[in-house]
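Report on the following structure.
The values are calculated or read from the model by the stated rules, or taken from the named source; none is laboratory data. Predicted, not measured: the structure shown is a model, and the values here were computed from it. All Cβ positions, even for glycine, are placed from backbone atoms using ideal geometry, and neighbour counts span all protein chains on display. The protein model used for the area step is the full one, side chains on, heavy atoms only, and it has no ligands, DNA or RNA in it. Shrake-Rupley method; radii C 1.70, N 1.55, O 1.52, S 1.80 Å.
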Amino acid sequence: MNNTAESPLHARRQSLLSSCIHRSGSFNEKSKKLSLPLPTSSYYLESETSSSSCTSRSSGVESLSEEFALCELGEAISIQVEEQPVREDRKKRRWTKTAKTHSFRRINSYVFEKCRTCDTYIYLGGYKCEKCLIYSHTKCLRSMIISCGGSPIQRKKSSPIFNLPLMNSKEPIPFIVVKCCLEIERRGYTIKGIYRVNGVISRVRKFIRSLENEPYLIDFSETNPNDIGHVLKEYFRSLPEPVFTTDLHSQFISVAKSHRNDNLESDPVKLSSMIDDLKTVVAKLPHNHRSTLSYLMHHLKFIANHQEINQMSAKNLGLVFAPTLFRMRDVDGNVFSMLFDNSLQTLVIECLIEYCFEIFGPQPETPIYNRA
């Protein structure tokens, strides 16, 4: 009984299988390309027999489900084969451009090295560049700004940039000042409140650690401009001696006191007198202080020229940079004297920005730095 009952059903399923394979376009060729064996019809017969014993369906629905199952099998297998390389590339898509310049190799064993981005130890796993031999956490590859130099990068015990006096610097204009200013002039001058809005503290600290390791391989092309401006201000705050030196602080303040009530725009005589006074005091600054101040004031003049977009006029920039470049002093514990000095410091920086070409001369050329 069973053989006689199953023979018409068996014949019908064999014909349906052959027609589906014929319409799907040589399933044999797809299976050969994927190096997979062609599934036999007994597999489908067993699955259909078990399903038909559990449910009662019409012949039209059964034939339609069988066609979809057979025709979509090849596509399902190809999708499973192609998914794995896509997952590998998906991780690297989150890496920064500088991280992709390295030849990183995954380390699955025990590691006791410090990450060059966050300066914390890697205990298990991580990545190591086969060329420059630096280590990194997986998460830190999304914020890495150190490019691969092709040769081993030695970890420096002391900072070559931060906390270093300007007079002891071998460069007239420090590398970090030029690097930050150029990047902001390239894509940060249109941001509203540039220099006034601080960056994210956690990212800024990572960038400072990276600068301490290898400053000349730093790439800020994917960094938030607010973070870059924050790094620049942190550099000036870290100087043991401010840009406006302590010895000349009183002379700058006296110039601001003598001209704070003058209407400089309407009186050319007073304007030229103030410019001459500032030029005299600026000339007394040490060479590195004077060249750094000149480069910074021309840069801030460029920012102030776009104040319609970024809303950072020369006065607003003076308010931001006065505590950084001058350092607020405690005058006998008198808070009001400190605030009065702060307003005069702001006026000095505002005048230096507005009349930077008259005081410092033409804009200095951008220095070219090579990796030591």
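Each residue of segment 290-299 was assigned a 3J(HN,Hα) from its phi angle through the Karplus curve 6.51 cos²θ - 1.76 cosθ + 1.60 (θ = phi - 60°); the sequence is 5, 5, 5, 5, 4, 5, 5, 5, 5, 5 Hz, with glycine and proline shown as x. The calculated FRET efficiency for the pair I107 and S151, based on their C-beta separation and a Förster distance of 22 Å, comes to about 0.60.
A viscosity of 0.890 mPa s and a temperature of 25 °C, combined with the Kirkwood radius over C-alpha pairs in the Stokes-Einstein formula, give segment 262-318 a diffusion coefficient of 189 µm²/s. Distant-in-sequence amide contacts of C132, defined by a placed amide H-H separation under 5 Å and a gap of 5 or more residues or a different chain, comprise S103, G150. Computed extension gain for N224 through S254, at 0.36 nm per residue and net of the alpha carbon distance, reaches 7.0 nm. Compute the Cα gyration tensor for segment 160-311, then decide on rounded, prolate or oblate, letting a ≥ b ≥ c be the square roots of its eigenvalues: rounded whenever a/c is under 1.5, prolate when a/b is larger than b/c in the other cases, and oblate in all that remain. Verdict is oblate for segment 160-311. Between L133 and E358, the simple label model (points 7 Å from Cα in the Cβ direction) yields a spacing of 5.7 nm. Amide H to amide H, with H built 1.01 Å from N, E113 comes under 5 Å of I122, counting only residues 5 or more places away or on other chains.
Computed from backbone phi, the HN-Hα couplings of segment 344-350 come to 5, 4, 4, 5, 4, 5, 4 Hz, rounded to whole numbers (Karplus: 6.51 cos²θ - 1.76 cosθ + 1.60, θ = phi - 60°; Gly and Pro given as x).
Tell me, what % of the accessible area of segment 169-301 is carbon and sulfur with a 1.4 angstrom probe? Reported share for carbon and sulfur atoms: 48 percent.
Taking amide H as placed 1.01 Å from N in the peptide plane, V197 has no amide H partner under 5 Å among residues 5 or more places away or on another chain. Anything over 24 Å Cα to Cα? Flag those among K233/K301; K139/K233; K97/K192; K92/K233; K192/K315; K114/K170, in the order listed. Table pairs above 24 Å Cα-Cα are K139/K233; K97/K192; K92/K233; K114/K170. Sequentially through segment 357-369, phi angles give Karplus couplings (6.51, -1.76, 1.60; θ = phi - 60°) of 6, 6, 8, 9, x, x, 5, x, 5, 6, x, 10, 10 Hz, Gly and Pro residues having no value and appearing as x.
Counting only protein heavy atoms and a 1.4 Å probe, segment 144-263 has 45 square angstrom of accessible area per residue.
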